[in-house]
Amino acid sequence: MLIELEAITKIYNQGQANEVQALHDVSLQVAKGNMICLRGASGSGKSTLLGIIGCVFPPTRGRAVIAGKQLARLPDRFLTLHRRETIGFIFQRFNILPALTVLDNITLPLLPLGMSPRQRKQRARVLMEQLAIQHREKFPAGQISGGELQRVAIARALINDPPIILADEPTAHLDSRLSREFMTIMDNLKAAGKTIVLASHDPLVTDHPGLDQILDIRDGSLHVS
Amino acid sequence: MANPLLERQINFLDYTLSSLWRKRYKNLAVVVVFAVVIFLLASFQLVSNGLLERAQTALVMAPEILIQKMTAGRQESIPIAYAERLHDIFGIRQVVPRVWGYYFDEVTLANYTVIGRDQVGGGTDDQLAQVLSEGRLPTAANETVLGQAVFRTKGLQEQRIFSLFRPDLSLKTLTVTGLFKKESNLLTDDLIVLSLADARDLFGLPDGLASDLMVTVANPREISTVAKKISEALPGTRVLTRPQIEKTYHMIFGWRSGFASVCLLAALAAFFIFAWDKASGLAPDEKREIAILKILGWQTADVLVVRFWEGAVISLAAYLLGCTAAYIHVVFFGSTLFLPVLAGWSVIRPDLHLLPAIHLADLLLLFCLTVMPYLTATVVPAWRCASLPSDTALQGG
Ligand SMILES: Nc1ncnc2c1ncn2[C@@H]1O[C@H](COP(=O)(O)OP(=O)(O)OP(=O)(O)O)[C@@H](O)[C@H]1O
Ligand SMILES: [Mg+2]
């Protein structure tokens, strides 16, 4: 299993007045090469669960083993190292820096690796071509369309060639044509051997035939459907 | 391929430079404000050091003890014969009579200071001899040594002979035997040094009189004892010692620089408020940028390196700019902004050019007072922000 969660609980701001229990006792396993979807309403805990799978923070309680490493034991520094080696995250708000060019946004994760500008450009160009955004290379990311923006986010998630791809509400800002295109890209990634976890309540995603499993998440608890 | 650790640093520096460039107008404004503060501080330091050094030269040249004759509270000529009354005082090495006064030159409309005195101590340990740039002190009649300004305004070059008017308008012709150094200009720029007899002749002073008597003592530690004995032996005179002159000098200088310091402190305070404002909070888009970089796999240290470079580029640029401008201001523009405050005599000598004294310690102090707080103000808030968990970047809006 590439992703193994066992009795995961996540509490934000523990011990403070604004304490929130976002996940209760969540257990989940995803095999390598599978594509699954977390389905749930707003506030149900989808992003939090993706955050744990994506090694952004460790769970408050429970055992999370992602690509062979147990998160709770890792200090922040190593969590970060592990994250950039194994996870490609397409965020709910894309998290694109609007002032930077498309190319610079895509190559941001490569800077701390000490990769030369020429190597970075080479890698990014391959992805930009696959995603049909090469003509936007030198545009500031703040000046391109929503669909293009999402492709930039996808390219950035893939730049490190990670085994796990996470996408948080990927179609929220897209029309149905672009949403279908997005799912085609995911199908291709799955075919290339990536393990994919999507979080969405959009039927275009949740009813997609390529999914191996759909999990319902309600008030922080998982229900297999 | 190149060393990846080095490549990392180059990447971060590259990232910093392009983000500085994106906000170039704002950053330029910061550099300018910052450079002005450094310019003011550095100019002040250069000028005050220069003046202090001049003051020290002045003190070196001042006699250990000076005797002036006072009548009704005013100074007047002193009989040279007074010196004989000091023979009995133990500890006096030498008493040298001196004539000095001002000569207004109608031709060049300049005021010169004339000093007439015979050579002290056989010439070599004479203080004036130490500030000569060429030639020798006058030894024969009608010989003279000039300051740079006199030499210049009198239009002397190859030809080394010129004339001055006696009070009865007859001409006194003098031959130049030497020049004073540029470094001692503050004291010697407008100086004409003659023998005692020639000075008396120029001013029409009767024989046997001088302006004051300079006393050298055998042991510098006995200056005050000797001075006391002299004033007992010569009632009706004022006896000034070098330590006294030194004190007055420092008081005047200290007061002036104190005043300037207050103004500078105000500038520095403004700068600190500015830095504090920066330190007390990151703008929302800065916070967002840090959260994004972190969630994309940048370590806290990586974010700090970028912020460090940012602060370093801005503050070093401002530091170099400010220091260079200060140097140019002091050397080439005669520190027009500061000299009137620091030195009262600049009005009398508008063409006084200080050779600034650059002290490494002062530059370091300035560095610590400006570059360090700025760097801290850029790095610390980023550090606080970057060490928080980056889950804010996870949420939808
Ligand atoms: N950083 C945080 N601090 C405190 N509470 C948080 C934080 N992030 C999320 N929460 C809370 O945890 C719960 C789950 O949030 P989460 O973002 O995981 O839900 P979601 O399913 O992604 O919702 P949405 O569809 O709106 O994105 C919510 O009640 C939310 O308010
Ligand atoms: Mg969410």
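General observations
- Residue check for A:K10: touching a Leu at 6+ places or on another chain (Cβ under 6 Å) and open to solvent by 10 Å² or more (accessible area, probe 1.4 Å): yes
- Residues of the range B:369-385 that are open to solvent by less than 70 Å² (accessible area, probe 1.4 Å) and either away from ligand 1 (no atom under 16 Å from the Cβ) or not assigned by TED's automatic domain parsing to the domain that holds B:V33 (or both): B:L369, B:T370, B:V371, B:P373, B:Y374, B:L375, B:A377, B:T378, B:V379, B:V380, B:P381, B:A382.
Residue by residue, here is whether (1) away from ligand 1 (no atom under 16 Å from the Cβ); (2) surrounded by fewer than 16 Cβ atoms within 10 Å (Cβ to Cβ); (3) within 13 Å of another protein chain (Cβ to nearest Cβ); (4) touching a residue at least 24 places away in the same chain (Cβ under 8 Å) holds:
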residue: A:G45; (1), (2), (3), (4): no, no, yes, yes
residue: A:V102; (1), (2), (3), (4): yes, no, no, yes
residue: A:M115; (1), (2), (3), (4): yes, no, yes, no
residue: A:E129; (1), (2), (3), (4): yes, yes, no, no
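- Within the range B:170-178, one or more residues are in a strand (DSSP E or B), free of Cβ contacts under 8 Å to residues at least 12 places away in the same chain, in contact with a Leu (Cβ under 9 Å, 6 or more places away or on another chain) and open to solvent by 20 Å² or more (accessible area, probe 1.4 Å).
- Total residues in the range A:47-76 satisfying the condition of being in a loop (DSSP other than H, G, I, E, B), more than 15 Å from ligand 1 (Cβ to nearest atom) and in contact (Cβ under 8 Å) with a residue 12 or more places away in the chain: the figure is 3.
- Residue list for the range A:67-76, restricted to those being more than 10 Å from every other protein chain (Cβ to nearest Cβ) and open to solvent by 10 Å² or more (accessible area, probe 1.4 Å): A:A67, A:G68, A:K69, A:Q70, A:A72, A:R73, A:L74, A:P75
- In the range A:104-113, the residues that are within 8 Å of chain B (Cβ to nearest Cβ), among the hydrophobic types (A, V, I, L, M, F, W, C) and either surrounded by fewer than 16 Cβ atoms within 10 Å (Cβ to Cβ) or within 22 Å of B:Q395 (Cα to Cα) (or both): A:L108
- Comparison of A:S200, A:S179 shows that the only residue that is within 16 Å of ligand 1 (Cβ to nearest atom) and among the hydroxyl-bearing types (S, T, Y) is A:S200.
- Residues in the range B:35-44 include none that are assigned to a helix (DSSP H, G or I), in contact with a Pro (Cβ under 9 Å, 6 or more places away or on another chain) and open to solvent by 70 Å² or more (accessible area, probe 1.4 Å).
- So A:T195, is it within 16 Å of ligand 2 (Cβ to nearest atom) and open to solvent by less than 40 Å² (accessible area, probe 1.4 Å): no
- Residue match in the range A:104-126 (condition: away from ligand 2 (no atom under 16 Å from the Cβ) and touching a strand residue (DSSP E or B) at 6+ places or on another chain (Cβ under 8 Å)): no
- Pick from the range A:47-66, criterion closer than 21 Å to B:A393 by Cβ and surrounded by fewer than 19 Cβ atoms within 10 Å (Cβ to Cβ), ranking: nearest to ligand 2 (Cβ to nearest atom): A:F57
- Pairs linking a residue in the range A:1-24 that is within 12 Å of chain B (Cβ to nearest Cβ) to a residue that is of a type in the set (V, I, T) and within 13 Å of ligand 1 (Cβ to nearest atom), with Cβ atoms under 6 Å and 6 or more positions apart or on different chains, are A:K10/A:T48; A:K10/A:T60; A:Y12/A:V20; A:A22/A:T48.
- When the criteria are applied in full, B:A197 meets the requirement of being part of a helix (DSSP H, G or I) and of a type outside the set (V, I, T).
- For the range A:10-30, the criterion of being within 16 Å of ligand 1 (Cβ to nearest atom), more than 25 Å from A:L211 (Cα to Cα), touching a strand residue (DSSP E or B) at 6+ places or on another chain (Cβ under 7 Å) and among the acidic types (D, E) is satisfied by at least one residue.
- Qualifying residue in the range A:151-165 (condition: surrounded by 13 or more Cβ atoms within 10 Å (Cβ to Cβ), over 16 Å from the mean Cα position of the chain (by Cα) and more than 16 Å from ligand 2 (Cβ to nearest atom)): no
- Extreme residue, surrounded by the fewest Cβ atoms within 10 Å (Cβ to Cβ), among residues of the range A:77-95 that are at the interface with chain B (Cβ under 8 Å from one of its Cβ atoms) and part of a loop (DSSP other than H, G, I, E, B): A:R93
- Residues (open to solvent by less than 10 Å² (accessible area, probe 1.4 Å) and at the interface with chain A (Cβ under 8 Å from one of its Cβ atoms)) located in the range B:296-323: B:G297, B:W298, B:D302
- Verdict on A:Q213 being touching a helix residue (DSSP H, G or I) at 6+ places or on another chain (Cβ under 9 Å) and away from ligand 2 (no atom under 16 Å from the Cβ): no
- A residue that is within 12 Å of ligand 2 (Cβ to nearest atom) and closer than 17 Å to A:V197 by Cα occurs somewhere in the range A:18-40.
- Taken together, B:P4, B:P63 contain a single residue that is touching a helix residue (DSSP H, G or I) at 6+ places or on another chain (Cβ under 8 Å), at pLDDT below 85 and within 14 Å of chain A (Cβ to nearest Cβ), which is B:P4.
- Unmet requirement for A:G33, which otherwise passes all of (1) surrounded by 19 or more Cβ atoms within 10 Å (Cβ to Cβ); (2) away from ligand 1 (no atom under 16 Å from the Cβ); (3) not charged (D, E, K, R): (1)
The values are calculated or read from the model by the stated rules, or taken from the named source; none is laboratory data. Bear in mind that the values here come from a model prediction, so they are computed numbers and not experimental data. Please note: Cβ atoms are built from the backbone with ideal geometry, for glycine as well, and neighbour counts cover all protein chains shown. All accessible areas refer to the heavy atoms of the entire protein, side chains included, with ligands and DNA or RNA removed. Shrake-Rupley method; radii C 1.70, N 1.55, O 1.52, S 1.80 Å.
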